[in-house]
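Since the structure comes first, as structure tokens, the remarks are kept for the end.
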């Protein structure tokens with residue numbers, strides 16, 4: 001029964017990881033911008049959801065809207081007013097990374113200053129587990145997180161394969177020059193990528209605020225997982241990042257079935273090293289020759 | 001014109017000499033977590049230290065104004081050493097407040113080498129008592145806290161099976177060692193211990209393991225945001241056993257956390273309603289300033305700064321320089337100190353010995369005392 005319990009926990013955690021990793025992978029795959037502040041987007045969405053719900057007393061649907069709008073605005077503003085100028089001045093990959101890293105630190109400290117540096121969580125009965133069978137406890141959040149992730153991925157898949165902007169985003173990740181030749185603006189597509197990628201962290205941020213709780217440094221862990229999942233899934237592969245996120249979440253939990261609990265976090269890096277050594281192209285990435 | 005110039009010069013000289021006859025400020029340092037997930041502790045520690053400095057300055061205990069220079073450790077040993085280096089080698093302070101077991105152990109070597117007194121009021125690892133004569137503790141250490149809680153849980157509540165969830169650092173290791181040593185002597189057992197990384201935030205799996213251990217008591221040895229996440233996730237995931245911990249549970253966020261209600265924790269025993277003038281002034285002024293009751297951490301850092309004030313005052317009375325070596329010599333020469341909580345004395349190893357109280361989280365903000373145990 002412990003195995004089943006850990007598997008159920010792993011699926012919930014994996015669903016959240018998959019969504020955040022897919023957001024990062026979408027941005028990185030399309031724009032080649034190492035958006036380290038993706039973790040900051042997660043933290044902003046989580047804090048504003050918490051604030052709108054418990055501080056302002058909004059209905060949860062409005063609180064979700066506040067979180068979604070804030071995440072999208074933050075991502076787009078960064079793209080327009082930080083990454084675009086750096087790219088215009090032909091800033092290197094490293095310059096972009098440092099700038100993004102700096103924003104992550106600033107956001108963490110701003111959140112700490114505004115909302116306090118302690119732990120916060122959304123009080124909700126949805127996080128309370130009930131014993132569905134002897135030894136197996138599930139909370140409504142388990143099912144909601146998994147269901148929400150499935151819906152988001154189906155919608156994302158439809159968007160990328162059936163809409164003009166979606167096809168443009170896929171094309172951008174393949175060949176930006178060709179996109180330009182077809183009269184599309186890579187800059188505008190980049191903004192769409194940031195908007196969509198930032199929107200994908202919102203469900204994870206909300207479920208984290210309700211389930212495990214948040215602190216201003218919560219974005220670091222998210223970023224770490226997103227990065228690992230992007231590499232394991234294959235750089236540029238959205239499907240790969242999602243599967244890798246799920247794999248990491250499940251593996252983190254199942255590791256505790258036979259190994260000590262301290263191995264839970266290490267398993268992420270074990271998986272990462274395994275892929276770097278034995279399958280550097282990741283789950284669905286293509287092998288490249290440089 | 002000449003007269004005007006001369007009078008200006010005379011005024012400037014007069015002003016300069018007036019400044020020079022004023023006593024210099026006296027500075028001490030503090031290495032606290034001011035950012036990161038444990039920054040909440042920094043705010044708490046500072047409130048106690050600042051209040052003590054304010055009282056010392058109001059009373060004119062020293063020849064100059066006492067200032068505290070704060071440096072950020074982020075509760076990380078490496079950052080703590082960098083901060084300590086700056087305080088000792090750049091600022092030249094003779095006395096530094098320290099916090100967190102890992103940070104305190106890391107900076108103790110520099111304290112010993114530079115003959116700078118380092119005083120811990122937050123870390124509780126038992127080996128903090130063995131870090132040299134320049135490292136002092138104004139807080140009872142984990143061996144006292146764990147022992148008191150174990151005795152209460154076993155002897156008063158009849159619990160026998162303990163599970164430990166502990167952060168993988170010197171503090172967690174020391175609590176593991178204490179429980180392994182103490183429980184068998186009481187006829188209880190440590191059924192299982194679960195180590196977690198300091199950065200871990202997901203504990204639903206740990207909760208599943210804890211549930212399968214079927215313990216009477218889950219002892220949580222963590223701190224900062226992480227301990228709140230552990231408690232929430234243990235309860236959310238169906239763990240119904242008695243939750244217990246050490247003084248890290250005295251932070252306001254945990255005291256008001258719904259899932260933590262009923263949890264047991266330990267701190268040094270302080271009678272907040274005491275008529276003792278030092279305690280009364282501390283409690284009254286803290287309440288007036290912050291509109292809430294103080295906790296033992298706040299008292300510890302108030303006491304740490306007050307110890308400095310008392311020692312420096314004695315040194316100045318003897319026309320001695322305020323250095324680490326002189327502060328140490330003066331502490332050894334001083335039998336007792338009037339601190340918050342009453343008259344106390346240091347043991348030879350530089351650690352205060354105080355009775356321990358077991359409290360229950362009851363939503364009042366400071367916990368309800370359920371038992372007081374003498375330190376062993």
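From the list A:186, A:140, exactly one residue is within 14 Å of chain B (Cβ to nearest Cβ) and over 21 Å from the mean Cα position of the chain (by Cα). Which is it? Write out each step before concluding.
Working: A:186 fails: within 14 Å of chain B (Cβ to nearest Cβ).
On inspection, the qualifying residue turns out to be A:140.
Applying the selection to segment A:111-137, what residues are more than 21 Å from the chain's Cα centre (by Cα) and more than 11 Å from chain B (Cβ to nearest Cβ)?
A:114, A:115, A:133, A:134
Select, from B:46, B:84, the only residue that is surrounded by fewer than 21 Cβ atoms within 10 Å (Cβ to Cβ), modelled with pLDDT of 90 or more and closer than 27 Å to residue B:199 by Cβ. Walk me through it before giving the result.
Details: B:84 fails: surrounded by fewer than 21 Cβ atoms within 10 Å (Cβ to Cβ).
Every option except B:46 fails the conditions.
Could you please give the count of residues in segment A:15-43 that are within 8 Å of the chain's Cα centre (by Cα) and part of a loop (DSSP other than H, G, I, E, B)? Step through it out loud before you land on a result.
Quick first cut of segment A:15-43, residues within 8 Å of the chain's Cα centre (by Cα) only: A:16-24, A:38-39, A:42.
This time we only want the ones that are part of a loop (DSSP other than H, G, I, E, B), so: none.
Count: 0.
Could you list all residues from segment A:1-28 that are surrounded by fewer than 24 Cβ atoms within 10 Å (Cβ to Cβ) and in contact with a helix residue (DSSP H, G or I) (Cβ under 7 Å, 6 or more places away or on another chain)? Quick ask: steps written out before the conclusion?
If we filter segment A:1-28 for residues that are surrounded by fewer than 24 Cβ atoms within 10 Å (Cβ to Cβ), which is where we start, we get A:1-4, A:6-8, A:11, A:28.
Result: A:2, A:3, A:6, A:7, A:8, A:11, A:28.
The values are calculated or read from the model by the stated rules, or taken from the named source; none is laboratory data. On a predicted model such as this, the values are computed, not experimentally measured, just so you know. Backbone-built Cβ (ideal geometry, glycine too); neighbour counts: all protein chains shown.
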